[in-house]
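Peer 1: Quick one: the structure is below, questions incoming.
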Amino acid sequence: MLKTAVTTETSAENRFLHLYKMVQERENFLNNDAKIVQYSAILRFFMKFLQHNDTYAPNVSSVLFWTYVKLGDIYYEDGLQNQDNARYFLAAEYYNQALAYARSTEEKNRVLLALKDVYYYVNDEDALVKVEETWAENHNSDEKFAAYMLLAENAELPQIKAKFLEKALDGVMGQDGNFYAKYQDTLNISSQLLAIYELQGERDKASRIKRLRESTLKLLN
């Protein structure tokens, strides 16, 4: 949990940070409606602060991130309990706002995984795929391949599975590690892609993948 400390920044910043600290201290005694009121008040204070200030301390950005996340969590949990799309949409709005203030990979992934669930429940396939791709791209180069393979494995639609497999294939082609493992990964992915493209009747894509698979087999033999 974020710990804020009063700094020597402007008095407005100090009041903002103090307000957040007060809400944190009483959070366990508040119901969700009261939490929404309290955290919304923090955001309103920040909007007033912006009227007279163009810049602010990193502490303020961190508070904003967690304020938007907490509001997103409240609406997400409410939507989950009541199967209420309106609550899900509010959760998505706050989570997307939180992304603008996320400073680390962990903070971004925390929000992206929550957004992934929200878009899944509201059946927004386009938004879901976009968030999943952003989540995969948020990994470093060594982990990105595994992230796309995981997304491909869990994809329900063949065109989405193919999209993620193509991304994973790009990652394999750019690797400088063990050549045998690289070629085995290429064969595995190309076999899956070939099956999808042939089933979907996408001849050009199937031909491209077939050529790649054949050339890879030659290198292994």
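The values are calculated or read from the model by the stated rules, or taken from the named source; none is laboratory data. Computed from a predicted structure; not experimentally measured. Neighbour counts run over all protein chains shown; Cβ positions are idealised from the backbone, glycine included. The area values use the complete protein model at the heavy-atom level, side chains included, leaving out ligands, DNA and RNA. Shrake-Rupley method; radii C 1.70, N 1.55, O 1.52, S 1.80 Å.
Peer 1: Please grab the % of Cα pairs in segment 52-134 that end up more than 18 Å from each other.
Peer 2: Cα-Cα pairs of segment 52-134 separated by over 18 Å account for 42 percent.
Peer 1: Using unit Cβ charges (K, R positive; D, E negative) and no other charged atoms, how large, in debye to the nearest 20, is the dipole of segment 182-221 about its Cα centre?
Peer 2: Dipole magnitude for segment 182-221 comes out near 140 debye.
Peer 1: Rounded to the nearest 500, what is the chain's calculated 222 nm mean residue ellipticity when only DSSP H runs of at least 4 contribute -39500 (n - 2.57) each, over all residues?
Peer 2: For the chain, the value works out to -26500 deg cm²/dmol.
Peer 1: I want to verify the translational diffusion coefficient of the chain in µm²/s; compute it with Stokes-Einstein, Rh as the Kirkwood radius over Cα pairs, at 20 °C and 1.002 mPa s.
Peer 2: The estimated diffusion coefficient comes to 106 µm²/s.
Peer 1: Once phi is turned into θ = phi - 60°, what whole-Hz ³J(HN,Hα) does the Karplus curve with 6.51, -1.76 and 1.60 give for every residue of segment 114-122, x standing for Gly and Pro?
Peer 2: So the J values, rounded to whole Hz, are 5, 4, 4, 5, 4, 5, 5, 5, 8.
Peer 1: Note the angle between two axes, namely the Cα long axis of helix 11-26 and the longest principal axis of the Cα atoms of the chain, as a number of degrees from 0 to 90, rounded to the nearest 10.
Peer 2: Approximately 80 degrees, to the nearest ten.
Peer 1: Show me, for segment 203-216, the HN-Hα J-couplings you get by feeding each phi into the Karplus relation (A = 6.51, B = -1.76, C = 1.60, θ = phi - 60°), rounded to Hz, glycine and proline as x.
Peer 2: 5, 4, 5, 4, 5, 4, 5, 5, 5, 4, 5, 5, 5, 5
Peer 1: Which entries of Lys35/Lys161; Lys48/Lys116; Lys144/Lys218 have Cα-Cα distances beyond 30 Å here?
Peer 2: Lys35/Lys161; Lys48/Lys116
Peer 1: In 10 Å bins starting at 0, how do the alpha-carbon pair distances of segment 94-221 split up by percent?
Peer 2: For segment 94-221, the binned pair fractions read 12, 38, 30, 15, 4, 0 percent.
Peer 1: Also, quick follow-up: Scanning the chain for trypsin sites (Lys or Arg not before Pro) in DSSP loops with at most 14 other Cβ atoms within 10 Å, what's the longest stretch left with none?
Peer 2: Free of exposed loop sites, the longest segment is 104-221.
Peer 1: Calculate one ³J(HN,Hα) per residue across segment 162-173 by plugging θ = phi - 60° into the Karplus curve 6.51 cos²θ - 1.76 cosθ + 1.60, and present them in order as whole Hz with x for glycine and proline.
Peer 2: 5, 4, 6, 5, 5, 5, 5, 4, 4, x, 5, 5
Peer 1: Would you mind working out the accessible area per residue for the chain, using a 1.4 Å probe, and quoting it in Å²?
Peer 2: Result: 59 Å² of accessible area for each residue.
Peer 1: Putting +1 on Lys and Arg Cβ atoms and -1 on Asp and Glu Cβ atoms, find which of Gln184, Ala206, Leu169 reaches farthest to the positive end of the dipole of segment 169-216.
Peer 2: Of the candidates, Ala206 comes out farthest on the positive side.
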